[in-house]
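Since every read-out is calculated from the coordinates, none of them should be taken as a lab result. None of the values given here were measured: they were computed from a predicted structure. Backbone-built Cβ (ideal geometry, glycine too); neighbour counts: all protein chains shown.
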Amino acid sequence: MAASSALQAVDPEGPVPSGQPQVPRISLRGIRKTFGSIEALRGVDLDIAPGECVGLIGDNAAGKSTLTKIISGTYIADSGSIAIDGEPVSFTSPAEARARHIEMVFQDLSLCDHIDVMGNLFLGREETRWSFLNNASMRERARAMLDDLDIRIPKLTAKVAQLSGGQRQAIAIARAASFEPRVLIMDEPTSALAVAEVEAVLRLINRVKARGVSVILITHRLQDLFRVCDKIAVMYEGTKVAERAIGDTSLEDLVRLIVGKGEEI
Amino acid sequence: MSVTYTERGQGSALADFLSEKAQVLSIAFFFVVCVAFFSIATDVFLTPGNLLNVLRQAAPILVVAVAMTFVIITAGIDLSVGSQVALINASAALTLSFGVPWPLVVLAMLLLGAAIGLGQGWFVAYQGIPAFIVTLAGLSILRGAALYMTKGYSIPITDVPGFFVLGRGTLLGIPVPAIIALAVAAAGALVIGSQIYGRRVVAVGSNPEAARRVGMPAKWTIASVYMLTGIASAVAGLLIAARLGSGSSNAAVGFELQVIAAVVLGGTSLFGGRGSILGTILGTLTIAVIGNGLILMHISPFFTQIVTGAIILIAIWLNTRIFTAGFSFRRKPS
Ligand SMILES: Nc1ncnc2c1ncn2[C@@H]1O[C@H](COP(=O)(O)OP(=O)(O)OP(=O)(O)O)[C@@H](O)[C@H]1O
Ligand SMILES: [Mg+2]
């Protein structure tokens, strides 16, 4: 598919040749989070380089979504530190993370059912003129955003509630990927997608990686990980139990790690 | 065997339009039926004088109903509007009786309304107390404040012809209050349909967590819609004071129910995310026409209340029965 695009991630550094020491795009240290009596995260460390894709896997309720929501400012960690390009940050709201070009596709998609396709693509990023929505210019860009994902949505004015599960998911992905992300987090982005659409998402990930965007991919489709990821982090009961370079692991190895029978690092 | 892959047709634009606008179309139809009925049942209803009178009386309801549409789109409710109208109504009469120039009084009342609304909005948005509770408390507190200020007496307003124009004047034969109300409604439709603020209101009503996650000022948006009902109630209180030439703590009793009924009759969902100012205009006019028509038919005013309530219930029930396709009152599971 053509790389024609509404996707225009600008990245000053670009991908750094491997082997060279570099500051991680995102660096997490000792992240902890409790919800009432549940220790959702019990001290997680993770480094992600620019242009790197990390696959985050683990059992249900392992804490994957919680960890990524902390990166995107949706939750605030109880303790631990986050650094972006070496600079310590502490987000108090999703708006702050988004201002730093951290974009996330949420597991529940976070779409507004009563707003049309175009409105959802531009949610929180509306183009305005004298405080009026600039629909003409948004319509043009919305088309390009969807074409980039090979997604077929006949009417940009359709309410999101009327769309299929996969179409909704595609809108959430297009929204996160289209505004020059520096970190792109995808929480099970392909769970409702058909074959061709999954391929489009994987192509998209490779494309943004090439532009230096760091990607975190959470998925239960382990075979997809080998198509796009550079390393895999395995979570278990709120901790990171293993981290593997993609070349050093196999499907069977990952399955073993997820169910908790792998050897610790 | 070969199968050709074909694309789905686009479907008729008319069908889309009908299902999209079903709610507004049905209230428009109901409105026309009411007008036709009272035109036949009474001689006076369809006279220009009476129609202008209906407009004049509907104006305060419409002003507040437009703001209430915003509140209900955020999945909130403001039960205190009637009490706010009474408080403003009484305060305006009191300050005018002290000899304060009327333009200053108007400005002060608008600010007072905004402050009251913002106060309630703060409890709802930033403290997470259900709007129903906050504004129910407001209903009691504000009516009480109005009663306390006036000791229950009606306060006459005298010698401010400029102020009276607001309630009694006409422009090109149309009552000034009706013009003000229609201007407010037009502004409301523009804001909800094509402004960034309107988009935020709909987003917050549709999925507040999504609005927060994309970086919208979700809490401020919720607080601000209560400020809108506060300002609108101030306008309504002033229009009523200027029409009646007096201020009273007993003004606008039951006003909140008329306003909420008008908004819901107009197709705005009580569960948030969806609403229409055009529907609110039609809903308001329908309620005004029913009230006026029943009086013209010399039906006991006690009975009028019963009929109004029953008609509203039946109309809404029919709405949800006939036009359920995509228009359920329940939030869709997602
Ligand atoms: N908002 C919340 N309130 C209370 N508990 C929560 C909340 N969010 C997550 N948890 C708890 O934290 C733990 C980790 O949840 P999380 O959603 O991060 O899992 P996950 O790894 O994403 O699982 P899945 O693969 O099912 O999506 C779970 O036990 C969950 O019950
Ligand atoms: Mg999850």
Computed [θ] at 222 nm, helices only, for chain B once each DSSP H run of length n ≥ 4 contributes -39500 (n - 2.57): -24500 deg cm²/dmol
Rounded, prolate or oblate (a/c below 1.5 giving rounded, otherwise prolate when a/b exceeds b/c) for chain A by Cα gyration tensor: prolate
Subset of A:33/A:69; A:159/B:21; A:33/A:209 violating a 18 Å alpha-carbon distance limit: A:33/A:209
Additional length obtainable on full extension of the chain from residue A:139 to residue A:221, 0.36 nm per residue less Cα span: 26.2 nm
Anisotropy class of the protein assembly as shown from Cα gyration tensor, a/c 1.5 cut: prolate
Length-normalised contact order for chain B - Cα pairs under 8 Å, 6+ apart - percent: 33 percent
Theoretical FRET efficiency, 1/(1+(r/R0)^6), r = Cβ-Cβ of residue A:180 and residue A:76, R0 22 Å, to 0.05: 0.30
Acute angle (nearest 10 degrees) that the helix A:195-210 long axis makes with the longest principal axis of chain A, alpha-carbon atoms: 70 degrees
Tilt relative to chain A, helix A:135-148 - C-alpha long axis, 0 to 90 degrees, to 10: 50 degrees
Highest-fluctuation residue, A:248, A:230, A:148 considered, GNM on chain A with Cα pairs under 10 Å: A:248
The protein assembly as shown: antiparallel DSSP beta bridges as a percent of all, rounded to 5: 60 percent
Angle in degrees between helix B:48-73 and the longest Cα principal axis of chain B, rounded to the nearest 10: 60 degrees
FRET efficiency for residue B:298 and residue B:197, using Cβ-Cβ distance with R0 set to 30 Å, rounded to 0.05: 0.05
Over segment B:1-151, relative contact order from alpha-carbon pairs under 8 Å, at least 6 apart, %: 26 percent
Computed label-point distance, nm, for sites residue B:190 and residue B:107 using a 7 Å Cα→Cβ extension: 2.3 nm
Distance in nm between pseudo-label sites at residue A:129 and residue A:194 (7 Å out along the Cβ direction from Cα): 3.7 nm
FRET efficiency estimate (nearest 0.05) - Cβ-Cβ, residue B:141 to residue B:52, R0 41 angstrom: 0.70
